[in-house]
1. Do you know which of the residues in region 205-219 that are open to solvent by less than 10 Å² (accessible area, probe 1.4 Å) and aliphatic (A, V, I, L, M) is nearest to residue 284 (Cα to Cα)?
2. Could you pull out every one of the helices (runs of 4 or more DSSP H) wholly within region 124-229 that has 3 or more residues that are within 30 Å of residue 61 (Cα to Cα), of a type outside the set (D, E, K, R) and without any contact (Cβ under 8 Å) to a residue 60 or more places away in the chain?
3. Restricting attention to region 11-19, does a residue exist that is open to solvent by less than 50 Å² (accessible area, probe 1.4 Å), touching a residue at least 60 places away in the same chain (Cβ under 8 Å) and assigned to a helix (DSSP H, G or I)?
4. Has region 76-99 got any residue that is assigned to a helix (DSSP H, G or I), under 25 Å from residue 49 (Cα atoms), out of contact with any Asp or Glu (no Cβ under 8 Å at 6 or more places or on another chain) and open to solvent by 40 Å² or more (accessible area, probe 1.4 Å)?
5. Could you say which residue among 104, 144 is over 30 Å from residue 295 (Cα atoms), at pLDDT 85 or above and of a type outside the set (Ser, Thr, Tyr)?
6. May I ask you to list the residues in region 101-145 that are among the polar types (S, T, N, Q) and open to solvent by 60 Å² or more (accessible area, probe 1.4 Å)?
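The values are calculated or read from the model by the stated rules, or taken from the named source; none is laboratory data. On a predicted model such as this, the values are computed, not experimentally measured, just so you know. Virtual Cβ from ideal backbone geometry, glycine too; neighbours counted across all protein chains shown. The accessibility values were calculated without ligands, DNA or RNA, using every heavy atom of the protein model including side chains. Shrake-Rupley method; radii C 1.70, N 1.55, O 1.52, S 1.80 Å.
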Amino acid sequence: MGNSILAPIQNELELVEVRLREAVKVDFAPLLDVFEALIGSGGKRFRPALAILASKFHPADPDKVITLAVATELTHAATLIHDDLIDKSPVRRGSPTINSRWSGTATVLAGDFLLARAADIAASIDDLRVMRIFARTLMVICDGEIRQDFAGSNWPPNRVEYYRHIQSKTASLFAAATEGGAIISGASEPEIEAMHLYGHNLGMAFQIADDILDFTADQKQLGKPVGSDLRQGTFTLPLFYYIEQNGQGAHAAEMMQTNIDGLIDLIRQSKAIEHSKAEARQFVQKAQDALAIFPENEYRRVLIELANQVVERTS
């Protein structure tokens with residue numbers, strides 16, 4: 001995501017950084033260290049940007065908007081802690097993960113603590129509707145992780161479950177950010193619904209793009225091995241297209257056991273990648289169409305351009 005297109009909200013994003021660092025200040029030194037490392041390692045700050053941009057179509061209390069943006073990013077950070085534990089990932093953004101240094105129990109509790117901190121910050125907005133959206137989003141995220149854990153790597157892969165998973169894992173928090181921003185700004189009900197749709201569809205496109213990158217980027221760009229989802233038994237859209245196009249279900253199942261590197265190469269070189277990108281672009285189009293209700297201004301242009309960049313990004 002090019003930072004230049006976020007120039008109209010650069011001041012707000014800088015405030016988010018300051019507030020994030022304040023938010024993770026805790027008394028227990030080991031916890032403080034891991035939180036500061038996680039927040040300090042950067043990340044795209046995509047979700048805070050969405051919360052801010054969604055609030056820009058009506059006069060909004062700037063402090064409440066920044067508060068929402070911070071709560072959204074802390075929720076995302078907490079889910080990364082849990083994700084890394086579930087995936088047994090040793091590294092994130094080039095740094096050792098919490099689960100590579102701490103016990104599973106302590107890692108889960110660190111993520112829980114950050115979720116509670118995010119909820120506490122969201123509650124300080126003093127808007128019951130925003131709070132309820134936050135609580136429901138946390139439930140959806142956790143429900144998705146539990147379902148994936150129970151499903152394991154059952155063959156054949158289930159495409160309906162894939163869409164449910166990316167909705168819970170990614171799209172739900174994108175939608176919470178945009179819907180929350182609209183509510184805080186006093187937007188009308190049709191506008192709030194439009195922002196929800198924008199966030200949902202953008203989140204679906206974003207996760208599909210992530211799943212494509214898992215095959216097409218190199219290890220240095222990814223910060224993890226190419227095809228790591230498939231190696232862990234997580235089935236994503238490129239695999240579904242590969243199986244469909246080639247009638248290769250049985251062959252792919254066998255290669256999963258005997259030659260996963262070969263299967264990853266076959267998927268990389270197949271039309272499955274382009275078909276997955278085309279589907280991501282369909283979600284981008286739906287997201288952009290949802291913005292038709294809003295006046296043409298620089299913030300709407302940024303939201304449209306952000307959506308375009310989601311599918312074309314390389315990291």
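1. My answer is 205.
2. Numbers: elements: 128-151, 159-166, 172-184, 189-216, 219-222.
Qualifying helices (runs of 4 or more DSSP H): 128-151, 172-184, 189-216.
3. No: region 11-19 contains no residue that is open to solvent by less than 50 Å² (accessible area, probe 1.4 Å), touching a residue at least 60 places away in the same chain (Cβ under 8 Å) and assigned to a helix (DSSP H, G or I).
4. no
5. Values: 104 fails: at pLDDT 85 or above.
Among 104, 144, only 144 is over 30 Å from residue 295 (Cα atoms), at pLDDT 85 or above and of a type outside the set (Ser, Thr, Tyr).
6. Initial filter on region 101-145 (among the polar types (S, T, N, Q)): 103, 105, 107, 124, 137.
If the condition is that a residue be among the polar types (S, T, N, Q) and open to solvent by 60 Å² or more (accessible area, probe 1.4 Å), then 103, 105, 124 are the ones that fit.
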